[in-house]
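Written out below as structure tokens is the structure these notes cover.
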Amino acid sequence: MSESGWDEVSEVEREREAFRQKERRRSVMTSIGSSLALMALIVVTLKLSPGWPRVKESFFSAEYFALAWPQVLEGLLLNIRVLGVALIGVAVLGTSLALIRMTKSAVMFPLRVLARFYTTIMRGIPMIVTLYLIGFGIPGLGLFGRIDKAVLGTIAVVMSYSAYIAEVLRAGFEDVHPSQRASARSLGLTTGQTMWHVIIPQGIRKVAPALMNDFVAMQKDVGLISTLGAVDAVRAAQIVVAKTYNFTPYVVASLLFIAMSVPFILLNDWYSERVRRRQQTGGMV
């Protein structure tokens with residue numbers, strides 16, 4: 001192609017890029033405008049509501065916000081510790097259940113039945129009921145002496161969420177094409193090596209967005225350990241509310257949980273979009 005031809009092509013491309021930038025700017029401005037209009041509508045609606053002054057004092061008091069902040073923040077540290085331990089427990093138990101359900105060995109038949117029974121039952125029991133059963137049932141046996149409520153809450157979270165994670169992982173592992181397993185075996189890898197080095201890494205990548213969604217949900221549900229009496233962020237807020245008869249501490253707890261969850265939500269959204277783009281372009285996930 002002649003030099004003038006290249007110049008013509010590049011000029012067309014520059015015009016297209018300029019048009020795309022103009023459309024992006026217009027889209028951004030439209031988004032900002034609609035967001036500001038919605039915020040203004042919400043503010044005006046609240047200001048015009050007859051009960052807004054009372055609601056503002058009950059839920060958004062700066063005085064009680066400052067009073068509750070240190071106590072609720074201290075309680076959130078317990079939520080973070082429980083979440084960290086529960087995350088490890090769910091990963092280990094959930095992966096084990098998924099692998100047991102996938103095995104074809106006749107020797108493992110009783111374990112497969114138990115794993116299937118466990119995942120079916122635990123997914124059908126509400127989280128709050130699991131907490132009550134574990135939190136009050138285990139101490140009632142009198143076998144282990146006095147057990148910290150946070151420990152019992154962690155056990156309940158692990159038992160409940162491992163069932164969900166097991167099924168997500170199993171779906172990911174089974175979605176790996178059989179040719180991957182056959183290729184690995186043809187190269188001399190054992191069944192265990194094939195599972196560890198080939199199936200598990202590919203399966204986890206396929207279901208990573210779903211796993212991250214479950215992790216975000218588990219972050220919130222960790223707050224339910226307050227029903228057992230553990231002084232976490234929610235329980236600390238309840239204590240302050242009982243003393244002050246003001247509901248602002250609940251707003252403090254909500255903001256702290258949001259601050260803890262938002263980074264992982266954004267990470268999940270980014271990764272899901274990345275996977276979607278790779279799939280659309282035919283790339284490897």
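The values are calculated or read from the model by the stated rules, or taken from the named source; none is laboratory data. Computed from a predicted model, the values in this text were never measured in an experiment. Counting neighbours? That spans all protein chains shown, and the Cβs are built from the backbone with ideal geometry, glycine included. To get the accessible areas, we keep the full protein, side chains included, count just its heavy atoms, and leave off ligands, DNA and RNA. Shrake-Rupley method; radii C 1.70, N 1.55, O 1.52, S 1.80 Å.
Values for this structure:
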{"quantity": "The range 127-175: chymotrypsin sites (Phe, Trp or Tyr not before Pro) in DSSP coil with no more than 14 other Cβ atoms inside 10 Å", "calculated": "Phe144"}
{"quantity": "For the range 116-186, convex hull volume per residue from C-alpha positions, Å³", "calculated": "125 Å³"}
{"quantity": "Relative contact order %, the range 152-266, counting alpha carbon pairs below 8 Å whose residues are six or more apart", "calculated": "26 percent"}
{"quantity": "Dipole magnitude of the chain about its Cα centre (Cβ charges: Lys, Arg +1; Asp, Glu -1), debye to nearest 20", "calculated": "780 debye"}
{"quantity": "Those chymotrypsin sites (Phe, Trp or Tyr not before Pro) in the range 24-95 that DSSP places in a loop and that have at most 14 other beta carbons within 10 Å", "calculated": "Phe60"}
{"quantity": "Computed over the range 14-63, the ratio Rg/Rh where both radii use C-alpha atoms and Rh is Kirkwood", "calculated": "1.39"}
{"quantity": "Share of carbon and sulfur in the accessible heavy-atom surface of the range 135-281 [1.4 Å probe, %]", "calculated": "62 percent"}
{"quantity": "Length-normalised contact order of the range 200-252 in % [C-alpha pairs under 8 Å, at least 6 apart]", "calculated": "18 percent"}
{"quantity": "Whole-percent carbon and sulfur share, accessible surface of the range 1-134, 1.4 Å", "calculated": "70 percent"}
{"quantity": "Taking the range 57-211 and dividing mean pair separation by its residue count, relative contact order in percent (alpha carbons under 8 Å, at least six apart)", "calculated": "28 percent"}
{"quantity": "Size of the range 1-154 as Cα extents on the principal axes (Å, biggest first)", "calculated": "85, 62, 27"}
{"quantity": "Added length on full extension, which subtracts the Cα-Cα distance from 0.36 nm per residue, His177 to Leu41", "calculated": "43.8 nm"}
{"quantity": "Using a Förster distance of 25 Å, the FRET efficiency for Thr190-Ile88 (Cβ separation, nearest 0.05)", "calculated": "0.40"}
{"quantity": "Segment Leu114-Arg277, length gained on full extension (0.36 nm per residue, minus Cα span)", "calculated": "54.8 nm"}
{"quantity": "Share of Cα-Cα pairs in the range 159-285 lying beyond 18 Å, as whole percent", "calculated": "67 percent"}
{"quantity": "Rg over Rh, two decimals, the range 41-121 (C-alpha only, Kirkwood Rh)", "calculated": "1.40"}
{"quantity": "The range 131-225: equivalent-ellipsoid semi-axes (sqrt of 5 x gyration tensor eigenvalues, Cα, Å)", "calculated": "37, 16, 9"}
{"quantity": "Directionally averaged projected area (convex hull, Cα atoms, the range 202-250), nm²", "calculated": "4.3 nm²"}
{"quantity": "Alpha-carbon Rg with Dmax, taken over the chain, Å", "calculated": "26.3, 89"}
{"quantity": "At least 18 Å along the helix axis (C-alpha) and Kyte average at least -0.5, DSSP helices within the chain", "calculated": "3-48, 62-102, 109-124, 127-141, 149-175, 200-221, 248-280"}
{"quantity": "Accessible surface, the range 69-146, averaged per residue in Å² (probe 1.4 Å)", "calculated": "62 Å²"}
